[in-house]
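The values are calculated or read from the model by the stated rules, or taken from the named source; none is laboratory data. The model shown is predicted, which means the values in this text are computed figures rather than measured ones. Using ideal geometry, Cβ is built from the backbone for each residue, glycine included, and neighbour counts are taken over all protein chains shown.
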Amino acid sequence: MTKLDLARLQFAATSIYHFLFVPITIGLAFLVALLQTAWHRRGDEAYLRLTRFFGVLLVINIAIGVVTGLVQEFQFGMDWLAYSRFVGDVFGAPLAMEGLAAFFLESTFLGLWIFGWGRLSKRIHLLTIWAVAIGAALSAAFIMAANSWMQHPVGFSINQQTGRAQLTNIWSVLSNPVFVWAYLHVILAALVTGSVVMLAVSAWHLKRRVEIDVFRKTASLALVVLVPTALFAMMVGSRLGVIETTYQPMKIAAAEAQWNTCQPCSFSLFQIGGGKEDMTPTKIIAIPHLLSLLATDSWNGQVVGLNQLNAQYQQKYGPGDYVPNVFIQYWSMRVMAYIAGLVFLLGLWGIWLLWRKRVATAKWFLRLAVWAAVLPFFMNTAGWMLTESGRQPWIVQGLQLTKQGLSPSVNTTTVAISLSTFVLLYGVLAVVDGVLMVRYSRKELSPVPEMDDRGQPVPAMSY
Amino acid sequence: MQVFWFIVIALFFTGFFVLEGFDFGVGLLHGVVGKTDSERRLAINTIGPLWDGNEVWLIVAGAGMFAAFPGWYATMFSGFYLALVLLLFALIIRGVSFEYRGKREGVRWRRTWDRLMTLGSLLAPLLIGVALGDLLHGVPIGANQEYTGNFWDLLQPYALFVGLTIVLICVLHGSTFLALKTTGDVRDRAERLARRAAPITALAVLIFSVWTQVTINRGVIPGLIQVAAVLAAIAVAWLIADGREGWAFTMTTIAMATTVLTIFIDLYPRVMVSSTKAAYDLTVQNTASSPYTLKVMTIVAVLLFPVVLLYQGWTYYVFRRRIAPSDLEGQEPVRAPAGAAGAETPGPGAAEAPAGD
């Protein structure tokens, strides 16, 4: 493997891993905040017990999300020196803002929330969990602004003397259409993730028929959040697809393995072949007009093929191969979309059961809901592979190739050592996190905590 | 504007070491001041609500470097590659060990996380200290701002000594913090430790000051702020003996701040010294972002940073109380995250086996 392969693999592996924990953190933070708000409003102690129960699951995941986020910040400079120099002027700003505006908020208030039971007044303590949730969501906003700039660079000019990108308008960066839609998409996916996990945990307890009245509350909350967010996530995703067809046509054409221009274009449910050697794949079950609709938002829209795009790019950027990995594009798009569909259907089923007041007794539904917990993680990973691999061979679309972004002074062995260190460490952490998550998800719900004379739970939840 | 951002980044590193410094110290010392598991928990809980927010100072310092001095960030992070991998390893195991050690009972589980916490708390300040020493002492940097050395070039005696000094100050800082925030045996042990560590740390800071002067060719007589650092470290021994823990903690804060600031003051206007040739030094001018970016960042920082200081300060106010052993009684985080102090009689293995299986 070359240095480029290793550096890309390291970035892919650490980012995917990091993003296993990000959506569940954002999603659960909002859901736990809702639970605590329900306790605050209604005074029903069941909600207090649930807040504490799901709060522990939240804390277990935040821990890994935070520490693996550090690796992301360092990695740009470590492996991608030329990239960092080239774009630091534009790309560094949102990262620094993230630290100041969001990360301080999230981390400080997380400490206050965990250790603040009984020390803070009920109202202030409720505000701290909302601050954590808002901090987490804000943090994602700045990261998405930075990432969207790599997909569709705006608000900059190239300094003729230094040859580097220079920020000229921060508002353009923060109102980049790719950013606005991609950020919405990520937040919705995070809420889907959080609610599916909450549903799965509740289903496990309902299946065992303990604390039915309590876990029915979280099952309902999860379902009520899941159905609209899953629907909107798909709609926003489809809108994002149309935007990307404008700015990154390669990404969308590759997601259908569409080598030659088509009009109108059909969408295949799945297919055999489609790689570089086989440009006319066998489409199994093709749905006419669907690709036109998804990519261009019109019934008869034209999707330019990969071959034609590549010819255009060669004319514009010089000789080279500008087609991303078609296999990854095609399948990551489908894994993402199909899982979203599945999760949405599961949600609809649950809502129907809820309406018929049978959710706590529907055996098959509960059984499936427990296993559904793993689905959002595959969905999120596939979504990122679609968007990041689809940008290749560019590191910044149209401005810098990935291979040009590397650190010349770093040698292959160094990257290999680092990659193996992270793989080992992350592997161990995944096992520990998995064990703790399962253990705490299956724990019996703790009874109502002891109250002090002000009607507040006594301080607890310390390390 | 570039100067302003150099100051901002210097202050963020200083703030990081002042705040996270005692967290590192507590992480290093929890096994020394705590003979039993509950004593160790007591020590760790003094920084429980604070360490995470404190660590963000480092993250913002790094991101600020990226935004304001991309050239500095790029050269430093790629040049210090393997050292940073080690630093990330240390920060990861440390961060996780805080959250996870209490999540299960069992001696082996706890001891493992205790050891990882100690290791992480030792490595992190040591490595960042060595890195700061390298910035000032100089590392091989070529004409294109490229790092031309290897991992071993980073381990030069001066840099290693800066790392050691920083670790010693963390130990002292952590012990005065523990003395200030705990009661009982833990407090006594922390005080004894602080009294013993103070002269050693003061000596190290003195050597550091002289060595730094020699490094930057300014003779051997330390400047005013270095003298202040040495005096502050010595004063800790008397203040602790006098029972004035608050003042002792203030002194270790001063010792830490002045030591870190010394490096940045002597560095300016350079940000990274080239040992190859003075002309290749990285400076605030040749690594900075465009004026527009710096202006945007300045507005954001001026608007947000006071708010951050306000709520972080408030956190310290909320958790100002000393922690006594009785605070943790019956609050095994595993068994009763709901804080059902004694209300719940823990059945045998309640925490071990998934309930109901």
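Things worth noting here:
- Scanning region A:428-446 for residues that are in a helix (DSSP H, G or I), in contact with a helix residue (DSSP H, G or I) (Cβ under 8 Å, 6 or more places away or on another chain) and more than 7 Å from chain B (Cβ to nearest Cβ) turns up A:A430, A:D433, A:M437, A:Y440, A:S441.
- Residue match in region A:94-108 (condition: more than 30 Å from B:T75 (Cβ to Cβ), of a type outside the set (D, E, K, R) and either free of Cβ contacts under 8 Å to residues at least 60 places away in the same chain or more than 8 Å from chain B (Cβ to nearest Cβ) (or both)): yes
- Flag if A:T68 is surrounded by fewer than 23 Cβ atoms within 10 Å (Cβ to Cβ) and touching a helix residue (DSSP H, G or I) at 6+ places or on another chain (Cβ under 9 Å): no
- Counted residues, region A:306-330 - those being closer than 22 Å to A:M385 by Cβ, surrounded by 13 or more Cβ atoms within 10 Å (Cβ to Cβ) and not hydrophobic (A, V, I, L, M, F, W, C): 7
- Sole exception among (1) more than 28 Å from A:T402 (Cα to Cα); (2) in contact with a Ser or Thr (Cβ under 6 Å, 6 or more places away or on another chain); (3) not in a loop (DSSP other than H, G, I, E, B) for A:I284, by number: (2)
- Considering residues of region B:279-297 that are touching a helix residue (DSSP H, G or I) at 6+ places or on another chain (Cβ under 7 Å), at pLDDT 90 or above and more than 19 Å from A:F103 (Cβ to Cβ) only, the residue nearest to the other protein chains (Cβ to nearest Cβ): B:T293
- Of the residues making up region A:112-140, those that are part of a helix (DSSP H, G or I), facing chain B (nearest Cβ under 9 Å) and touching a Phe, Trp or Tyr at 6+ places or on another chain (Cβ under 8 Å) are A:F115, A:A131.
- Filtered by the rule that a residue be within 17 Å of A:R85 (Cα to Cα) and part of a helix (DSSP H, G or I), region B:274-311 gives B:Y280, B:V284, B:Q285, B:N286, B:T287, B:P291, B:Y292, B:T293, B:L294.
- Screening the candidates B:D134, B:D153 for the property of being surrounded by 20 or more Cβ atoms within 10 Å (Cβ to Cβ), touching a strand residue (DSSP E or B) at 6+ places or on another chain (Cβ under 9 Å) and part of a helix (DSSP H, G or I) yields one hit, B:D134.
- Residues located in region B:77-102, provided they are more than 7 Å from every other protein chain (Cβ to nearest Cβ), touching a residue at least 60 places away in the same chain (Cβ under 8 Å) and over 16 Å from the mean Cα position of the chain (by Cα): B:F80, B:A83
- Applying the set (1) crowded, with 16+ Cβ neighbours inside 10 Å; (2) at pLDDT 85 or above; (3) more than 8 Å from chain A (Cβ to nearest Cβ) to B:P325 leaves exactly one unmet item: (2).
- Residues in region A:165-187 include at least one that is within 14 Å of chain B (Cβ to nearest Cβ) and hydroxyl-bearing (S, T, Y).
- Residue in region B:224-236 that is closer than 30 Å to B:T182 by Cβ, within 14 Å of chain A (Cβ to nearest Cβ) and out of contact with any His (no Cβ under 9 Å at 6 or more places or on another chain) present: no
- Residues that are surrounded by fewer than 22 Cβ atoms within 10 Å (Cβ to Cβ) and in contact (Cβ under 8 Å) with a residue 24 or more places away in the chain within region B:116-125 comprise B:T118, B:L119, B:L122, B:L123, listed in sequence order.
- Only listed residue being β-branched (V, I, T), farther than 26 Å from A:L81 by Cβ and surrounded by 22 or more Cβ atoms within 10 Å (Cβ to Cβ), chosen from B:V107, B:V96, B:V139: B:V96
- Wholly enclosed helices (runs of 4 or more DSSP H) of region B:5-86 bearing at least 3 residues among the aliphatic types (A, V, I, L, M): B:37-47, B:51-68
- Number of the condition not met by A:I417 [criteria: (1) modelled with pLDDT of 90 or more; (2) within 8 Å of chain B (Cβ to nearest Cβ); (3) buried (at least 20 other Cβ atoms within 10 Å of the Cβ)]: (3)
- Restricting region A:232-283 to residues that are of a type in the set (V, I, T) and within 21 Å of A:W299 (Cα to Cα) leaves a set whose member that is surrounded by the most Cβ atoms within 10 Å (Cβ to Cβ) is A:I252.
- Flag: A:V66 matches the condition of being under 20 Å from B:N54 (Cα atoms), assigned to a helix (DSSP H, G or I) and touching a residue at least 40 places away in the same chain (Cβ under 8 Å).
- Scan of region A:404-427 for residues that are hydroxyl-bearing (S, T, Y) and part of a helix (DSSP H, G or I), ordered by number: A:T412, A:T413, A:T414, A:S418, A:S420, A:T421, A:Y426
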